[in-house]
Amino acid sequence: MNVRAILGILLLFLASFIHPIPAEERGVESHDPFFETEVWPKVGERTCLNCHAPRGDAAESKFLLEDPALHVEYLAHNRQAFVRMAQVKKDGVSRILLKASGKLDHGGGAQLKTGSSGYRVLERFVGGLEGTPNEAGAAPAPRPFFDGVQMATPRRLLRRVTLSLAGRLPTPDEESEVDRGGEKALEPALDRILTEDAYYDRLAEGFNDIFLTLGYMGNADDALSYDHFEKTRHWYQNFDLTHVPEKERQKAGYKLADDYRKALLHEPLELIKYIVRNDRPFTEIVTADYVLVSPYSARGYGIFESLKDRFTNPEDPFEYIPARIPALKGRDGRVQKTEAGLYPSAGILSMFQYLRRYPTTVTNRNRLRARMYYRHFLGIDVMKLAPRVADAAAVAAKFSNPPFQAPECVVCHKTIDPVAGLFQDYFNEEGHYGPRKEGWFTDMFAPGREGRDLSPQERWRALQWLGEETVKDPRFASAMVEHVYYILMGRKVLEPPQDIDEPLFAPRRRAYDEERRMIRDIARRFAQGGFNLKSVFKALIATPFYRVDGLSEAVKDPARRAELDDVGLVRLLTPEALERKVRAVFGFSWGRLKDSDQKFAILYGGIDSKEVTERNGDPSGAMGAIQRIMANDVACKAVAKDFGLVPEKRRLFPDIEPGDLPDPGPDSEGKILRGIVHLHRVVLGREHSPSHPEVLRTYALFRSIVEEARSKKGLSPQESYFCRGQENKREEDPKYTIRAWRAVVTYLLRQDDFLYE
């Protein structure tokens, strides 16, 4: 067993102490249908868990709960806690009912109104313990979750993975391997895909969707403060360009600055790529004591001279190597306190780009950073820890410091304020290093993390301490699995349904539980295996959730439709993914969706990582117009280009010539049908027979266009001026077949199989 695997097991072992299960409850049978489907999702998780958790506001009470999303045994633990509370009575009424309705002293106040749906669920639970049967206990077992769902064939799954992660089509050898070996042959193919440069670029693109570090305000070099990098941050302004011809010197200077800023801006994403490329534990995303620098960004930090011999090409602005930055020294001569004279790097947490992307203010006091920390690295939205305050003015009038005193505020601030304090050395609205002159605020919860305070001796390395604490938390592994899920599926994991009176609550909850079970299992294996992120990609791709390729039967039941609503890949391709798919299929890019700063990319649901930070996957009128333009443009170029090649080099029409007509007869008609089958395979990835309805529909389109063109007198036999071929000239199309094939390709490009993933 290698060192990384041992480290992973050790971290998982330590994590078990964070969420301990009483010895007498380990292995307790958790199968109680009524508790699982009614009490926990409708009362426990929604009403009790936030406070009655080991780190919650009621952590000192005897009624302690755990999140079953992290470990399967926690549901049994929670049921035992409910049972103990329910069996204690006061004046003949169960204590759990009295507490929940606010009729006993309860720090959380009245959480359930008497007679409400949640209260009635608790009443039935208590009644069940006293011998009154619950109707859920006799409910029939549900059908297997993926029953009636069609899974992708190994070949189709291979195409899906190569397009998604490598931006290419499978090679003939890969297809042959999968045809021979089936699903087992997918794993070695996937191992190869996960070493390609395109995969690492895709990884960086996906994690920027999550961290948005490409989107901080100002120029990229603004991440480096004047106070600490005054002489080096703008090195490009004085760079010697005398070797460049004078008439090209200004352009070269602009390119120098642009490349430097791009290199600096991409450093957080390069760290991710470096960790994964080298199979390092992904815990280093928050624990790495190094940064990634290029020859250009190293000059910005003032460390190029000490590193230049380590670069393969010191003039390549985008060659990255790991390096350590010296402790920061201000213009006043004061040096940042450290132990070894080095900047205390803690992965992305301490990178200047991340800190600038999420700056602070005097009133915010690093709370935004704490909130993003929980979202990015633990998968927790702290804004959902407690309901919003209904009357903020009344709370402010009652308490001099509501975040520190008001119960409805403390439930959140007790969690985020300690983490905010760990960022105190970066109390600067520009996101730079700059401790507060007066010291950290005393009217906030002390710096630390979820009940554990930061010791004064660790003060100088607060973010390193935070990173070390983070990777011990089982929520870290789950959050990383959720990030990979987002990259692969194009959408976030399901949230639990909120309206317990909704008729479809139960099926939606079942879908959520099935997905959480899958996330929990992969997270456990991820941690045990040493936190290799590639293992998460492989595990998710192997799940039915990723392999879904439609339904094998019509689903009329609304409940069943609700269960299956979020399975499979049903997302609209992102602008970047659509460009990659066009290039993979046709050999050239469309080009109009490449740059996220261009209007088309934003209109097509893209992001700029600044103002537009959420991808829009819901088609709009503008998106439909862009799809039509893309289909017309790409078909216009692709058909003429393909027919301009010798048959053995053609992608689209290897066995078709412009003179082939859809005339009646087995030879001509069969040839056209076989050509359409080939197009469906190349463009859509569908393996259809010549008699398939979709093939016949496409054939009817081709034939109708040829017949209509031949019936019109005076129609020019020349190709469209805008669809010129290889030699940039208008080709003759006397039989009107080239334009008919162009219509066919346009039609295919507008199919869901091409536009969606």
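For the set 262/599; 89/398; 262/641; 251/637, the pairs lying more than 25 angstrom apart at their alpha carbons are 89/398; 262/641; 251/637.
Nearest 20 debye, what's the magnitude of the dipole of the chain about its Cα centre given +1 on Lys and Arg Cβ and -1 on Asp and Glu Cβ? Before the final figure, lay out the partial values.
Details: 111 positive and 111 negative charges, 140 e Å.
Dipole of the chain, to the nearest 20 debye: 680 debye.
Sorted largest first, the spans of the alpha carbon positions of region 543-594 along the three principal axes are 44, 20, 16 Å. Normalising the Debye intensity of region 538-665 to I(0), with uniform scatterers on Cα atoms only, and taking log10 at q = 0.10 Å⁻¹ returns -0.53. If you take the Cα centroid of region 338-378 and the Cα centroid of region 208-260, the two points sit 23 Å apart.
For residue 226 and residue 315, what is the calculated FRET efficiency with R₀ set at 22 Å and r taken between the beta-carbons, to the nearest 0.05?
0.20
Using Cα pairs closer than 8 Å and at least 6 residues apart in sequence, work out the relative contact order for region 210-343, in percent.
24
Report the per residue volume, in Å³, of the convex hull enclosing the C-alpha atoms of region 361-472.
Working: hull volume 12.5 nm³, N = 112.
Considering the Cα atoms of region 361-472, their hull volume per residue is 112 Å³.
Normalised by the number of residues in the chain, the mean separation of alpha-carbon contacts (under 8 Å, six or more apart) gives a relative contact order of 12 percent.
For region 577-755, the spread of Cα positions along the three principal axes, ordered from largest to smallest, is 59, 36, 32 Å. Here's how it looks for residue 150: its modeled amide H is under 5 Å from those of 549, 550, 551, 552, which are all 5 or more places away or on a different chain. Here's the list of aspartates and glutamates a cross-link from residue 184 could span, going by alpha-carbon distance under 18 Å and ignoring same-chain residues fewer than 8 apart: 173, 174, 175. Backbone phi angles across region 481-486, fed through the Karplus curve with coefficients 6.51, -1.76 and 1.60 (θ = phi - 60°), yield HN-Hα couplings of 5, 5, 5, 5, 4, 4 Hz in residue order; Gly and Pro are listed as x. Placing a label point 7 Å from the Cα of residue 715 along the Cα-to-Cβ direction, the residues of region 654-678 whose backbone N falls under 15 Å of that point are 661-663. One chain, two ends: residue 59 and residue 153. Fully extended at 0.36 nm per residue, the span grows by 28.9 nm beyond their Cα-Cα distance. Stretching the chain fully between residue 340 and residue 173 yields a gain of 54.9 nm (0.36 nm per residue, less the alpha carbon separation). When both region 670-726 and region 411-487 are represented by their alpha-carbon centers, they are found 61 Å apart. Proximity of backbone amide H atoms, modeled 1.01 Å from N, is registered between residue 293 and 321, 323 at under 5 Å, excluding neighbours fewer than 5 places apart on the same chain. In this simple spin-label approximation, residue 612 and residue 184 carry label points 7 Å from Cα along the Cα→Cβ vector, and these lie 4.8 nm apart.
The HN-Hα couplings worked out from phi for region 739-753 by the Karplus form 6.51 cos²θ - 1.76 cosθ + 1.60 (θ = phi - 60°) are 5, 5, 5, 5, 5, 5, 5, 4, 4, 5, 5, 9, 7, 4, 4 Hz, whole numbers, x standing for Gly and Pro.
Dipole orientation for the chain: of the candidates 157, 720, 200, 720 has the Cα lying most toward the positive pole (charges on Cβ; Lys, Arg +1; Asp, Glu -1). When both region 30-104 and region 593-649 are represented by their alpha-carbon centers, they are found 51 Å apart. Figure the gain on full extension for residue 243 and residue 438 (residue separation times 0.36 nm, minus the Cα-Cα span) and round it to one decimal in nm. Result for the pair: 65.1 nm of gain on full extension. Checking Cβ-Cβ separations below 4.7 Å across the chain identifies 48, 51, 409, 412 as cysteines lacking any candidate disulfide partner. In the chain, a dipole from Cβ-located charges (positive for Lys and Arg, negative for Asp and Glu) runs towards its positive end, and of 217, 446, 276 it is 217 whose Cα lies farthest in that direction. Couplings 3J(HN,Hα) for region 602-619, derived from phi with the Karplus relation 6.51 cos²θ - 1.76 cosθ + 1.60 (θ = phi - 60°), are 5, 4, 8, x, x, 10, 10, 6, 10, 7, 9, 10, 10, 6, 9, x, 9, x Hz, where x marks Gly and Pro.
Across the alpha-carbon set of region 218-357, the Rg to Rh ratio works out to 0.98, Rh being the Kirkwood radius. Simple point charges give the picture: +1 on the Cβ of Lys and Arg, -1 on the Cβ of Asp and Glu, and for region 583-627 a dipole about the Cα centre of about 220 debye. Under 5 Å from the amide H of residue 328 lie the amide H atoms of 336, each residue being 5 or more positions distant or on a separate chain, with H modelled from the backbone and absent for Pro and chain starts. Under the convention that each Lys and Arg Cβ holds +1 and each Asp and Glu Cβ holds -1, the size of the dipole of region 218-357 around its Cα centre is about 240 debye.
Its alpha carbons give the chain an Rg and a Dmax of 30.4, 98 Å.
Qualifying trypsin sites (Lys or Arg not before Pro) in region 199-303, where qualification requires a DSSP coil assignment and no more than 13 other C-beta atoms within 10 Å, comprise 231.
Bridgeable aspartates and glutamates around residue 671 (alpha carbons under 13 Å apart, same-chain partners fewer than 8 residues away excluded): 655, 657, 660, 663.
Read-outs throughout are calculated quantities, based only on the coordinates presented, and are distinct from any laboratory measurement. Since this is a predicted model, take the numbers as computed values, not measurements. Backbone-built Cβ (ideal geometry, glycine too); neighbour counts: all protein chains shown.
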